[in-house]
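Participant: For reference, the structure I am asking about is given below.
The values are calculated or read from the model by the stated rules, or taken from the named source; none is laboratory data. Keep in mind the model is a prediction, meaning the values are calculated, not measured. A quick note on method: Cβ atoms are made from the backbone with ideal geometry, for glycine too, and the neighbour counts reach across all protein chains shown.
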Amino acid sequence: MPLIETSDGPVWKRRTTKKQLAIWVGWLIGITIVLYAWILMTEETVWFFVQDAPRQAMDIGTRMVPPKLSYMSRLWLPIWDTINIATLGTVIALFIAIPVAFAAARNTTPHFLVRAVAIFIIVSSRSVNSLIWALILVLILGPGVLAGTIAIGLRSIGFCAKLLYEGIEEIDHTQVEAIAATGASRPQQMLYGIVPQVLPTFAGVGVFRWDINIRESTILGLVGAGGIGLELNGSINTLAWTQVSMILLVILLTVIISEWVSAKVRGAII
């Protein structure tokens, strides 16, 4: 109950019956959903494997030590492919996301139907995980780096375009109005009034998405889309656990370096 001040001092104010009823109904619905999800999970869970999980984890953990350092010579090319997949995929996404963002922003879209199409592209891209994109593209293009690069690009379009069009809508409109007062055309207003204001956002979003794509591209090899994930999948299938631990260490180091690079670049931009 909320505490309110009155002439007689602070008193507790009772919520109205409707508010109390709405709160209790909300809690009841939430608890029901959680219980239903728990029942479904327990029905589909093989508890024998759950009980045996600690022993299996301990067994695999001991097999992964020490990492096979000599295997590193085979990982240079896959990790380079992973970085290229993330970088090229991000570049592809930005080239597509920029016009989509301008089409989706309310203050720059030429027509509401154009905006609807742009929003649909953004939602479609963000709704499908990069691993699913990769799985589909491997079936179409065959296994390899090309499928992984396009998958990362398709997944990143929605993320980049959403943040970019939100940045476009939040610009200072007085600058655009000042340029329009000089008789500038619509493209000139966008070029000199909007683009300079959102350039830091464009750069920051691109670097941030590249950092995310480094992590996502490490697992695309599990479905044949190239990169270090391909080596990881092969090592797991052959039960080469010392190689698996070495690959995991390389992935961890790569992610740490990409995080450090992206933080430095974002700091320099912002």
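Participant: For the range 223-239, which residues satisfy the criterion of being in contact (Cβ under 8 Å) with a residue 60 or more places away in the chain and among the small types (Gly, Ala, Ser)?
Facilitator: The answer is Gly224, Ala225, Gly226, Gly227, Gly229.
Participant: Which condition does Leu135 not pass, out of (1) in a helix (DSSP H, G or I); (2) not assigned by TED's automatic domain parsing to the domain that holds Cys160, if it passes all the others?
Facilitator: (2)
Participant: Only one of Ala53, Ala86 is surrounded by fewer than 15 Cβ atoms within 10 Å (Cβ to Cβ) and part of a helix (DSSP H, G or I). Can you tell me which?
Facilitator: Checking each option against the conditions leaves just Ala53.
Participant: Now a separate question. Residue check: is Ala116 among the aliphatic types (A, V, I, L, M), assigned by TED's automatic domain parsing to the domain that holds Gly226 and surrounded by 14 or more Cβ atoms within 10 Å (Cβ to Cβ)?
Facilitator: The answer is no for Ala116.
Participant: Do any helices (runs of 4 or more DSSP H) entirely within the range 151-224 hold 2 or more residues that are closer than 16 Å to Thr90 by Cα, out of contact with any Asp or Glu (no Cβ under 6 Å at 6 or more places or on another chain) and among the β-branched types (Val, Ile, Thr), and if so, which?
Facilitator: Those helices (runs of 4 or more DSSP H) span 195-217.
Participant: Determine the pairs where a residue that is assigned by TED's automatic domain parsing to the domain that holds Leu77, located within the range 200-222, has a partner that is outside any helix (DSSP H, G or I) with Cβ atoms under 6 Å apart, the partner being 6 or more residues away or on another chain.
Facilitator: Note: pairs meeting the criteria are Ser217/Gly227; Leu220/Gly227; Gly221/Gly227.
Participant: What about Leu137, is it surrounded by fewer than 19 Cβ atoms within 10 Å (Cβ to Cβ) and more than 24 Å from Val198 (Cα to Cα)?
Facilitator: No, not satisfied.
Participant: So, one more: Which condition number does Thr109 fail, the rest of (1) without any contact (Cβ under 8 Å) to a residue 60 or more places away in the chain; (2) surrounded by 11 or more Cβ atoms within 10 Å (Cβ to Cβ); (3) in a helix (DSSP H, G or I) being met?
Facilitator: Of the numbered conditions (1) without any contact (Cβ under 8 Å) to a residue 60 or more places away in the chain; (2) surrounded by 11 or more Cβ atoms within 10 Å (Cβ to Cβ); (3) in a helix (DSSP H, G or I), the odd one out for Thr109 is (3).
Participant: Just to be sure I understand the filter: pairs with C-beta atoms under 8 Å, separated by 6 or more residues or on different chains, first member in the range 245-270 and part of a helix (DSSP H, G or I), second member loosely packed, with under 11 Cβ neighbours inside 10 Å. Which pairs pass?
Facilitator: Close Cβ pairs (under 8 Å, with a partner that is loosely packed, with under 11 Cβ neighbours inside 10 Å) amount to Ser245/Val65; Ser245/Pro66; Met246/Leu69.
Participant: On to the next question. I'd like the full set of residues that are outside any helix (DSSP H, G or I) and either loosely packed, with under 10 Cβ neighbours inside 10 Å or in contact with a strand residue (DSSP E or B) (Cβ under 7 Å, 6 or more places away or on another chain) (or both), limited to the range 15-42.
Facilitator: Thr16
Participant: Another question, if that's okay. Please state which one of Ile247, Ile219, Ile212 is surrounded by fewer than 23 Cβ atoms within 10 Å (Cβ to Cβ) and farther than 22 Å from Tyr165 by Cα.
Facilitator: When all the criteria are applied, what remains is Ile219.
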